[in-house]
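Asker: Just passing along the structure, written as structure tokens.
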Amino acid sequence: FKWTRVTILNAEGKPTPHITLGEPFEILLGGVAEAPIEDVVFSLAIWAGGGGAGYLLDSMQIDSDLPTSYPAGPMALRIRFDPNLFAPGLLSLDINAHGRQVRDRIPGVARIYVEHSSDATRQTAGMIFYPCQWSLGRGDG
């Protein structure tokens, strides 16, 4: 198996590395198996910055209950992010295919630029809000 393509698709389905804050997007991965493959795991890792700055996501096709065996020939895998919770900034992608007699890893294969949005309703995308409750009392605690 060899990877042949990585395409970032915006919410309109157009190829672009530029995604707006909160905008749903897809990553399309193309590859070709020269022979039938078994026990293979395809994975995608997303890093903050140019890579190595902060590990944000590691996802595999088996997380979505897709098979681990495939016939020979071309294939396409789509990974959809909806909602898109990534904060503004640069993201770097690594892709990996590993298994019995299969090994093709490409670090830093693509970059995504998450840009700020003028839509005020999307300004909290990319942030994690932990449950907590504030209260006000008298004195110093």
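Asker: Pick from the stretch 58-104 the residues that are open to solvent by less than 30 Å² (accessible area, probe 1.4 Å) and aromatic (Phe, Trp, Tyr): which of them is farthest from ILE37 (Cα to Cα)?
Answerer: PHE86
Asker: Can you pull out the residues in the stretch 86-141 that are basic (Lys, Arg) and modelled with pLDDT under 90?
Answerer: ARG100, ARG122, ARG138
Asker: Testing TYR113 on (1) farther than 18 Å from PHE1 by Cβ; (2) surrounded by 16 or more Cβ atoms within 10 Å (Cβ to Cβ), one condition comes back false. Which one is that?
Answerer: (2)
Asker: Quick check on the stretch 38-52: of everything there that is touching a strand residue (DSSP E or B) at 6+ places or on another chain (Cβ under 6 Å) and small (Gly, Ala, Ser), which residue is modelled with the lowest pLDDT?
Answerer: We begin by selecting, within the stretch 38-52, every residue touching a strand residue (DSSP E or B) at 6+ places or on another chain (Cβ under 6 Å); these are 39-51.
Narrowing further to those that are small (Gly, Ala, Ser): 43, 45, 48-51.
On the way: SER43: 95, ALA45: 93, ALA48: 88, GLY49: 78, GLY50: 63, GLY51: 56.
Among residues in the stretch 38-52 that are touching a strand residue (DSSP E or B) at 6+ places or on another chain (Cβ under 6 Å) and small (Gly, Ala, Ser), the one modelled with the lowest pLDDT is GLY51.
Asker: To continue, here is another question. Out of the residues in the stretch 1-33 that are open to solvent by 30 Å² or more (accessible area, probe 1.4 Å) and aliphatic (A, V, I, L, M), state the one that is nearest to ARG111 (Cα to Cα).
Answerer: That would be VAL6.
The values are calculated or read from the model by the stated rules, or taken from the named source; none is laboratory data. In this text, all values refer to a predicted model and were calculated from it rather than measured experimentally. Neighbour counts run over all protein chains shown; Cβ positions are idealised from the backbone, glycine included. Ligands, DNA and RNA are stripped out before the accessible areas are found, and what is left, the full protein with its side chains, is counted by its heavy atoms. Shrake-Rupley method; radii C 1.70, N 1.55, O 1.52, S 1.80 Å.
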